[in-house]
Each structure stands twice: as C-alpha cells, then as structure tokens.
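Written out below as structure tokens is the structure these notes cover.
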Amino acid sequence: MLIACLKLLASFKALGGDFLIQINNLYKSYNNEKILKNINISIKKGEIYGLIGQSGAGKSTLLRCVNGLEKFDSGNISINETSLLSISEMDLRVFRKKIGMIFQDFALLNRRNVMENISLPMECWKYTKSEIKEKTEYLLNLVGLSNKRNSMPSELSGGQKQRVAIARALSLSPEILLCDEATSALDPNTTDSILRLLSDINKELGITVIVVTHEMTVIKNICDRVAVISKGEIIDEDTVENIFLKESAAIDDLVGKKIIAAPENHKIIKLAIRNADINKNFIWELSAINNTKFSVVSANIEQFKDSSFGHIFISVHNDEINSALKYCMSRNIEHTLIDSN
C-alpha cells in the first residue's frame, strides 16, 4: 500500500514542465438535471485561474469534480496527465493530498485551537510530532498568525479564521489550491488582505490556484485568466483584462449592463483603455489636433494587479463621428460605436 501511494504521488511530478489541470468535455447531472455541460478548461502550472458566475451556475460542483469529491457523468479530468478515471477509490485519497481547499465558512473545528486545526491533516497522515511542529510553525508565520497559535476559533475575526483555513489547506504541501467563495463572508479590507496572501503564496510556493467567486473585484485583483460560467456552461474564457474590456454579455449579466444615452444628434464611442494607453494624450489630441468636438460622458479605469484598464465613453456629434472614428483607427485605439438613440 505504501509503495503504491508513493508511486502515485511521484506520478504528479514525474513529467516536469508545466503542471496542467485539463478538463475535457465534462458533463455532470443531479436527478437528470444537467449541472455541468461540455466543460473544457486547461490551467497552467503556477497560474491563478478564476471561475466566475452567478449562484447556481455550477462553479462549486466543478471544483468538487476536480478534487474527486464528485463523480462526473462523462468527459475527463486529468492532473499532470493522470486521469481521474484511472485512479482507484483507494488511490483517490492519496490524490486528494495534492489538492488543498478553502471554503466560505472556514470549516474550522471549534474545539481545537489554531495550531491544532492546522495540524489536523498531518495527524491524519501520521506525520511525526517533530514534522507537525516544524510545518505548523512555518505555516503560522506564512499566514501571519504566529501570535494566535493557542487561540480558539471563537476568538478570531473572519479574516483570521480564513488564514487558519489557508494554513490548514497548505499543511500537506499541495500542488493545487481550490478556493470556493473564500472571501464572500469577509468585508472589503479583509478580502484585500486575503487576496494578497493568496497571491504571495502562489508566488512563493508556486501553487496552482483556482478561485471560484461571484465577486468581480476578486477576479481583477488576483487572477491571470478567467472563465465565465452560466447555467453549467463556459460561455467565455480569456485573460482578465480582455474579459473586462470586451464587456461580454456574460459580464453584463453579472454586473448589470451599463446604459449610456447620447444627446440628440450625437453618438457614443466607447474607448477601451489598457495600461499602455494610460499616459497617452489621444483624448487631448482628438480635440486639439483632430479638431473634433466631444464630451466625456463616463469613464472607469480600474486597477488590475500591476496594470490598469477600463473604458472612456465620449459623446460625438453625428457630423463629426466619421472623423473621430478615423482618428481612433489611426491611433490603434480599441473602440466601439454605440448608437444609443
């Protein structure tokens, strides 16, 4: 049994190169109702991948399929080319050791203090006392709770409880960390601190992170790529920046469609602004050099990790709309003409 477990664990690292999660043509049903439909996703090693959608879209079910807690009807999930379909029930427990998971409700044991909560998975796997002490001390320091080692969960804030849950999820040195609405119960400032912690863990430990959320700020602040799921289907997938700049119908459904009305005899031009555009003077040039009269009716530039992106909406008279559009094309400015009248 031990030899078989060691062989299975070794198979996750034997290939080298990118550590991939690959989901192909995945279907999942409950009571003849299709919950997941033809899911196809590939996630790179070390990536922070977001999965966003409304409640009931199938996000959490997909996570439970990835960690083997849910059986799927058809399709396949493979981790570093190890198919879940090829893993026996006995080996599935070993497989789950490589996947940590954190939840919205923290799932701490109220009768165990912080250290005991973190050490529980190691106790179950029969780590030695010295191994447990050394790893727990390291994790307490990593999540910033060294001074709370003997505190009970009831004595902790929501953010501190989630830090304990993160430390516990890391106790078996997983290669994948699944985060199921991990910040939904937290206030904005605490959410920011937890997201920074997850980002630091991703960089320091190289762990592949999948973040399931319905919160747009979570996706913008931490993820590299994102898939939008609706009614059990992936309806869009791209880099975070591209997803938000193209403002797909999927994103409109989540945040509410922005309706901007143009004055009479005017049309709206939506300009997509990326980080490289922030310091350009094309708005000034449009007026001063191109001699186009317009007014800014809305602007929204947001921070995304180390860059910024967003949209500027300008109102242009119908007589000058062609001139404005030609200017945008000449400056390679991403733009969309919106006829809102």
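Observations on the model:
- Selection count where residues are among the polar types (S, T, N, Q) and more than 28 Å from Lys203 (Cα to Cα), scope the stretch 47-65: 2
- Scanning the stretch 88-134 for residues that are part of a helix (DSSP H, G or I), of a type in the set (S, T, N, Q) and either more than 14 Å from Lys161 (Cβ to Cβ) or without any contact (Cβ under 8 Å) to a residue 40 or more places away in the chain (or both) yields a total of 2.
One line per residue, one yes/no per condition, for (1) at positive phi; (2) part of a loop (DSSP other than H, G, I, E, B); (3) of a type outside the set (A, V, I, L, M, F, W, C):
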position: Asn141; (1), (2), (3): no, no, yes
position: Ser151; (1), (2), (3): no, yes, yes
position: Gln160; (1), (2), (3): no, no, yes
position: Ala165; (1), (2), (3): no, no, no
position: Cys179; (1), (2), (3): no, no, no
position: Leu186; (1), (2), (3): no, yes, no
position: Lys203; (1), (2), (3): no, no, yes
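- Residues of the stretch 283-334 classified as outside any strand (DSSP E or B) and not polar (S, T, N, Q), total: 21
- Single match in Leu69, Leu51, Leu63, Leu85 (criterion: of a type outside the set (Gly, Ala, Ser), without any contact (Cβ under 8 Å) to a residue 40 or more places away in the chain, in the same structural domain as Lys231 (by TED's automatic domain parsing) and outside any loop (DSSP other than H, G, I, E, B)): Leu85
- Close pairs (9 angstrom Cβ cut-off, 6 or more residues apart or separate chains): of a type in the set (Val, Ile, Thr) in the stretch 288-302, assigned to a loop (DSSP other than H, G, I, E, B) anywhere: Val297/Ile260; Val297/Ala261; Val297/Ala262; Val297/Pro263; Ile301/Ile278
- From Ile77, Ile39, Ile35, Ile87, residue being closer than 20 Å to Ile243 by Cα, hydrophobic (A, V, I, L, M, F, W, C) and surrounded by 15 or more Cβ atoms within 10 Å (Cβ to Cβ): Ile39
The values are calculated or read from the model by the stated rules, or taken from the named source; none is laboratory data. Just so it is clear, the model here is predicted, and its values are computed rather than measured. Because the Cβ atoms are built from the backbone with ideal geometry, glycine has one as well, and the counts that use them run over all protein chains shown.
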